[in-house]
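The values are calculated or read from the model by the stated rules, or taken from the named source; none is laboratory data. Every value quoted in this text rests on a predicted model; they were computed, and no experiment measured them. Reconstructed Cβ throughout: ideal geometry from the backbone, glycine too, with neighbour counts over all protein chains shown. Surface accessibility is based on the protein's heavy atoms, side chains included, excluding ligands, DNA and RNA. Shrake-Rupley method; radii C 1.70, N 1.55, O 1.52, S 1.80 Å.
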Amino acid sequence: MIIIISPAKIQNFEPQQIVTGHTMPRFMDEAEQLIESLKKLSRAELASLLGINANLAKLNADRHFNWERPFTPENAKQAALVFNGEVFHGLDAKSLAAEDFDYLQSHLRIFSGLYGILRPLDLIQPYRLDIGTNLKTSAGNNLYTYWGSKITEAMNADLAGKQGPQTVLNLASAEYMKSINRKSLQAEVIDFEFLQYKDDKLKPVVIYVKKARGMMARYVIENRIENVEDLKGFNAEGYWYNPQLSTERKLVFTR
């Protein structure tokens, strides 16, 4: 079983004393090529490409200028401890027990516009590049064409190392899920929906959906879940499995 989640724009590169182990992103050459493409853009072009203001354009231009190899614990930080959005608030990796990190490393993957696919302990440097960005490269006009089948192939390689029928838990956004080819993925994909009552109707509320995705990932990690049926026991922050709205391949939780 492998869990997939999306990255976050908010990042924290303050020094940490939580875990010393680290690995390297598998697509460093591809990431470096993207950084070189971004370096060629003016600040105005970068702002337009990323949909950000002038101050953020300057920040990210500086990030591109300072991006350098090799990555070390001094100039980079583990991905699961960098991202600081709602999904990662729900995951709360920094509070996991030490013995949970090996399982986390084996069972969680973070999709990324710059790095393609990340393991939790992969070192990364600061960046801002969503997978849906229309950055022109030699491969085409956007990052989906740039990454092509590489992310799917990386997922299949990770799945091949595990025994028995494989399952992928899709806790990523639709934007990031588009970066893999479901038909080529050698696993059954389980989707999730998190709904809550608002104005007397069940609705997805984005900020709560994101946090719930992270909480579900943590639930899997802490409980070492390998069976889809056991996912139905998730009940964090008032969510309960809703069998009436669920299907065999989509689990719906409501509150």
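Only a single criterion out of (1) open to solvent by less than 70 Å² (accessible area, probe 1.4 Å); (2) under 23 Å from G132 (Cα atoms); (3) not in a strand (DSSP E or B); (4) not basic (K, R) is not satisfied by I190, namely (3). Return a yes/no flag: does region 51-58 have any residue that is open to solvent by 80 Å² or more (accessible area, probe 1.4 Å), assigned to a loop (DSSP other than H, G, I, E, B) and either in contact (Cβ under 8 Å) with a residue 40 or more places away in the chain or not acidic (D, E) (or both). Looking for residues that are open to solvent by 80 Å² or more (accessible area, probe 1.4 Å), assigned to a loop (DSSP other than H, G, I, E, B) and either in contact (Cβ under 8 Å) with a residue 40 or more places away in the chain or not acidic (D, E) (or both), one finds at least one in region 51-58, hence yes.
Within region 86-120, can you find the residues that are open to solvent by less than 20 Å² (accessible area, probe 1.4 Å), part of a loop (DSSP other than H, G, I, E, B) and not hydroxyl-bearing (S, T, Y)? Result: L96, G113, L114, P120.
Under the condition of being open to solvent by 60 Å² or more (accessible area, probe 1.4 Å) and modelled with pLDDT of 95 or more, the residues counted in region 212-226 number 3. Note on region 25-41: residues that are surrounded by fewer than 16 Cβ atoms within 10 Å (Cβ to Cβ) and in a loop (DSSP other than H, G, I, E, B) amount to 1.
Quick grid of which residues meet (1) closer than 23 Å to T137 by Cβ; (2) out of contact with any Gly (no Cβ under 6 Å at 6 or more places or on another chain):
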| position | (1), (2) |
| --- | --- |
| I10 | no, no |
| P15 | no, yes |
| D62 | yes, yes |
| N66 | yes, yes |
| F83 | no, yes |
| L114 | yes, yes |
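Would you pick out the residues in region 139-154 that are loosely packed, with under 14 Cβ neighbours inside 10 Å and under 22 Å from S106 (Cα atoms)? Listed by number, the list holds a single entry, S149. Considering the conditions (1) among the charged types (D, E, K, R); (2) under 16 Å from I5 (Cα atoms); (3) open to solvent by 10 Å² or more (accessible area, probe 1.4 Å), R128 is excluded by exactly one of them, (2).
From V189, V168, grab the single residue that is of a type outside the set (F, W, Y), touching a Leu at 6+ places or on another chain (Cβ under 7 Å) and touching a residue at least 60 places away in the same chain (Cβ under 8 Å). Reasoning before the result, please.
Numbers: V189 fails: touching a Leu at 6+ places or on another chain (Cβ under 7 Å).
After applying the criteria, what remains is V168.
Does any residue of region 239-249 turn out to be touching a residue at least 12 places away in the same chain (Cβ under 8 Å), crowded, with 20+ Cβ neighbours inside 10 Å and either touching a helix residue (DSSP H, G or I) at 6+ places or on another chain (Cβ under 6 Å) or within 17 Å of G85 (Cβ to Cβ) (or both)? No.
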